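Scroll down for the structure; my scribbles are underneath it.
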Amino acid sequence: MPILSAIENDQLIGFRLTYAAGQWPQDQWCTVDKWGVAFEDVCYFKSNTIAESARGKGLGGQLLAASKAAVIAQGAKAGVSHLWQQSPNNAAVRYFTKAGGVLIAEHPQRWHQRYMGEEYICVICDHDCHCVACEMLLTFWSRLTITIRRITLCMIHWLTLILTINLLRQAIGRRHRHWCCNSTIVGSAAY
């Protein structure tokens, strides 16, 4: 389980806690059937906290990148996280989206006390939390894989276009021949 921290002037200013692929408790808030990746291949980005004085400097992204490198080295193919939609300026969802994360589902009751325990106190809702958890998936593709996928998609689009053009040519050609034949038959019948 990678635990990464950022220290500045002997002060902890940020950390990232990540569970290794398949080594974390899957619960009702995990929509595994929508991931497109097996649970055993998905790590869990559990916590990311940045001191207020260090926010907005890219530290969260740096910790995420370091965490990704660690879990990829362990064999993970993707990572999932439940991000707090009500974070200031929706920063959690924005930074995870910027990193390539994709929204899988929204869970409005994720941090409610009936699931978290009575001792849980939300900084916004107090004892009756209705904050939304955005389940987001970050797939780890290599640049080569991305390039191959893009080339494949371009080839599919071009083949589809060529096929469509050929079908249109055939349809127009048939209509043209049919029209000519009818006009000739009609023309000779009229004389």
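Numbers at a glance
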| read-out | value |
| --- | --- |
| Residue match in the range 59-71 (condition: among the basic types (Lys, Arg) and touching a strand residue (DSSP E or B) at 6+ places or on another chain (Cβ under 8 Å)) | yes |
| Filtered residue count, the range 9-30, keeping only those that are closer than 17 Å to LEU103 by Cα and either of a type in the set (D, E, K, R) or open to solvent by 60 Å² or more (accessible area, probe 1.4 Å) (or both) | 1 |
| Flag if VAL132 is in contact with a Phe, Trp or Tyr (Cβ under 9 Å, 6 or more places away or on another chain), among the hydrophobic types (A, V, I, L, M, F, W, C), open to solvent by less than 70 Å² (accessible area, probe 1.4 Å) and modelled with pLDDT of 85 or more | no |
| ASN182, sole failed condition from (1) part of a helix (DSSP H, G or I); (2) touching a strand residue (DSSP E or B) at 6+ places or on another chain (Cβ under 7 Å); (3) at pLDDT below 70 | (2) |
| Selection count where residues are modelled with pLDDT of 90 or more and among the β-branched types (Val, Ile, Thr), scope the range 32-41 | 1 |
| Given (1) open to solvent by less than 30 Å² (accessible area, probe 1.4 Å); (2) of a type outside the set (A, V, I, L, M); (3) modelled with pLDDT of 90 or more, index of the condition SER87 fails | (3) |
| Flag if ASP33 is free of Cβ contacts under 8 Å to residues at least 40 places away in the same chain, out of contact with any Cys (no Cβ under 8 Å at 6 or more places or on another chain), open to solvent by 20 Å² or more (accessible area, probe 1.4 Å) and at positive phi | no |
| For ARG16: the one exception among (1) modelled with pLDDT of 90 or more; (2) under 17 Å from PHE140 (Cβ atoms); (3) assigned to a strand (DSSP E or B) | (1) |
| Residue within the range 42-53 that is farther than 15 Å from LEU137 by Cβ, in a loop (DSSP other than H, G, I, E, B) and either touching a strand residue (DSSP E or B) at 6+ places or on another chain (Cβ under 8 Å) or modelled with pLDDT under 85 (or both) present | yes |
| Checking TYR44 against (1) without any contact (Cβ under 8 Å) to a residue 60 or more places away in the chain; (2) under 15 Å from GLY100 (Cβ atoms), the condition it does not meet | (2) |
| Residue in the range 103-122 that is in a strand (DSSP E or B), closer than 27 Å to ILE7 by Cβ and open to solvent by 20 Å² or more (accessible area, probe 1.4 Å) present | no |
| Selection within the range 13-26 - more than 19 Å from ALA92 (Cβ to Cβ) and without any contact (Cβ under 8 Å) to a residue 40 or more places away in the chain | GLY22, GLN23, PRO25, GLN26 |
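Quick grid of which residues meet (1) modelled with pLDDT under 90; (2) open to solvent by less than 50 Å² (accessible area, probe 1.4 Å); (3) farther than 15 Å from ARG16 by Cβ:
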site: GLY56; (1), (2), (3): yes, no, yes
site: GLN62; (1), (2), (3): yes, no, no
site: ALA65; (1), (2), (3): yes, no, no
site: ILE72; (1), (2), (3): no, no, no
site: GLY75; (1), (2), (3): no, yes, yes
site: ALA78; (1), (2), (3): no, yes, yes
site: VAL93; (1), (2), (3): yes, yes, yes
site: PHE96; (1), (2), (3): yes, yes, no
site: GLY101; (1), (2), (3): no, yes, no
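The values are calculated or read from the model by the stated rules, or taken from the named source; none is laboratory data. This is a predicted model, so every value here is computed, not measured. Neighbour counts run over all protein chains shown; Cβ positions are idealised from the backbone, glycine included. The area values use the complete protein model at the heavy-atom level, side chains included, leaving out ligands, DNA and RNA. Shrake-Rupley method; radii C 1.70, N 1.55, O 1.52, S 1.80 Å.
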